[in-house]
1. Just to be sure before I move on: is VAL209 open to solvent by 40 Å² or more (accessible area, probe 1.4 Å), at pLDDT below 95 and among the β-branched types (Val, Ile, Thr) in the structure I sent?
2. In the stretch 62-90, how many are among the hydrophobic types (A, V, I, L, M, F, W, C) and in contact with an Asp or Glu (Cβ under 7 Å, 6 or more places away or on another chain)?
3. What's the number of the condition GLY203 fails, among (1) in contact with a Leu (Cβ under 9 Å, 6 or more places away or on another chain); (2) buried (at least 23 other Cβ atoms within 10 Å of the Cβ)?
4. Any idea how many residues of the stretch 72-129 are polar (S, T, N, Q), out of contact with any Lys or Arg (no Cβ under 8 Å at 6 or more places or on another chain), assigned to a loop (DSSP other than H, G, I, E, B) and under 18 Å from ASN31 (Cβ atoms)?
5. Can you name the residue in the stretch 25-57 that is in a strand (DSSP E or B) and either touching a Lys or Arg at 6+ places or on another chain (Cβ under 8 Å) or among the charged types (D, E, K, R) (or both) and, of all such residues, is most open to solvent (accessible area, probe 1.4 Å)?
6. Scan the stretch 121-175 residue by residue and report those that are closer than 25 Å to GLN94 by Cα and aliphatic (A, V, I, L, M).
7. Only residues that are crowded, with 24+ Cβ neighbours inside 10 Å and farther than 18 Å from ALA208 by Cβ: list them for the stretch 145-180, please.
8. Of the residues that make up the stretch 35-51, is at least one of a type in the set (Gly, Ala, Ser) and in contact (Cβ under 8 Å) with a residue 40 or more places away in the chain?
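The values are calculated or read from the model by the stated rules, or taken from the named source; none is laboratory data. Small disclaimer: the values here were computed from a predicted structure and weren't measured. With ideal geometry, Cβ positions are generated from the backbone for all residues, glycine too; neighbour counts draw on all protein chains shown. Ligands, DNA and RNA are excluded from the accessible area calculation, which covers all protein heavy atoms including side chains. Shrake-Rupley method; radii C 1.70, N 1.55, O 1.52, S 1.80 Å.
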Amino acid sequence: MKSFRRNFEALRCTVIAGVQDLAVANYNDLNTVSVLIGNGDGTFQPARTLVAGAHPRSVAVGDFNADGRADLAVANSGAATISVLLGNGDGTFQSAVAFAVGDTPESVAVGDFNSDGKPDVAAANFGSNNISVLLGNGDGTFQSAQTYAADIGPAFVSVADLNHDGKLDLAVANAGSGIVSILIGNGDGSFQVAVDYDSGGAGANGLAVADVDGDGNTMLSYSYSIGGVDYQAFQRLDAEQLLRTHDYLPGTTVVLRYDPHSPANSFVV
């Protein structure tokens, strides 16, 4: 399971100088993040290497100090920290500043959890089976982490308004159990106790959120592995309730129909 998750390398796009660039967490380089500046035509300049923390696993983007420039938040799975690298706006970044989270953070996500207009950060802590939420101060620093229980081995966290109340929630893929945990946000930076749903497989290690059938409700898509075979699963979120689970081998085209009133939707997993 661990080796499978290592192949699920974290990569995010950010915008620097109006052109899409890439930031990549380099787990096997011990402590680095690479930034590839885009040329605007789908090609990129050679990678620039930045120092983060031990074994960076995931990277997310936000403007953490309200200067209009893209900054980076990095989950350091070997250090129980996230690193924040403030951007200079020219493709370079200031030295990393570390903030404590739980054990073995595998994933990091950005959202405004308390509706104050300042980006906050959530980290999925694989080793301590919980989620750390760090509220942003708007100057590039963060408050001490608040901790919320997940299931076994949370490996990925995603941010979305899952129950349509205008407040951001968290969806967590737990690699140690195959459980998807949903933490509903209260809108003040705190979250309700996690509600767990069986993914139908083992080792849920990646998760995406979207309305893929156009019905106004959210779909969760996540990956897991059983016996060395990788699968993709879909669960439909209707208000606060998850409905059916559908499992498919990657690369297959599937048709999803959830109720008689929803049209079928075909897409490649």
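1. Values: open to solvent by 40 Å² or more (accessible area, probe 1.4 Å): yes; at pLDDT below 95: yes; among the β-branched types (Val, Ile, Thr): yes.
When the stated conditions are applied, VAL209 passes them.
2. Qualifying residue count, the stretch 62-90: 7.
3. Against the list (1) in contact with a Leu (Cβ under 9 Å, 6 or more places away or on another chain); (2) buried (at least 23 other Cβ atoms within 10 Å of the Cβ), GLY203 comes up short only on (1).
4. Filtering the stretch 72-129 down to residues polar (S, T, N, Q) leaves 76-77, 81, 83, 88, 92, 94-95, 104, 107, 114-115, 125, 128-129.
Applying the additional criterion that residues be out of contact with any Lys or Arg (no Cβ under 8 Å at 6 or more places or on another chain) yields 81, 83, 94-95, 104, 114, 125, 128-129.
When the remaining residues are screened for being assigned to a loop (DSSP other than H, G, I, E, B), the result is 94-95, 104, 114, 128-129.
Checking which are under 18 Å from ASN31 (Cβ atoms) leaves us with 94-95, 104.
The qualifying residues number 3.
5. ARG48
6. Scanning the stretch 121-175 gives VAL121, ALA122, ALA123, ALA124, VAL133, LEU134, LEU135, ALA145.
7. Scanning the stretch 145-180 gives a single hit, GLY153.
8. No, the stretch 35-51 contains no residue that is of a type in the set (Gly, Ala, Ser) and in contact (Cβ under 8 Å) with a residue 40 or more places away in the chain.
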